[in-house]
1. Counting every Cα pair in the chain, what percent are over 18 Å apart?
2. Out of the chymotrypsin sites (Phe, Trp or Tyr not before Pro) in segment 4-61, which ones are loop residues according to DSSP with at most 14 other C-beta atoms within 10 Å?
3. How far is helix 40-62 tilted, in degrees, relative to the longest principal axis of the Cα atoms in the chain, given as a value from 0 to 90 rounded to the nearest 10?
4. Using 0.36 nm per residue of separation minus the Cα-Cα distance, give me the extension gain between residue 49 and residue 27 in nm, one decimal.
Amino acid sequence: MPHKTLADIPAAQIDQYDTHQKHAFIEALNHAFDEYEGDEGKAYAVAHSAAKQAGRKEAREKD
């Protein structure tokens, strides 16, 4: 299930994120998928958390 591009991920999973967050999402998703031995539920949970954190960091830098 590793995803090479953002196009490989269902839009419903990433449409709420900006570009920076989407890249954090895919990187975390692939890493978590390997880490949790193919558990997609855990991998997506980790990826969403990473994307949200990436957005918060970007917002702090704008202030």
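Each reported figure results from applying straightforward, stated rules to the coordinates on display, with no laboratory input. None of these values were measured; they are calculated from a predicted model. Here the Cβ positions follow ideal geometry from the backbone for every residue, glycine too, while neighbour counts run over all protein chains shown.
1. 30 percent
2. Here the chymotrypsin sites (Phe, Trp or Tyr not before Pro) that fit, given the DSSP loop and packing criteria, are 36.
3. Taking Cα atoms only, the helix is inclined about 10 degrees.
4. Gain in length upon complete extension: 6.7 nm.
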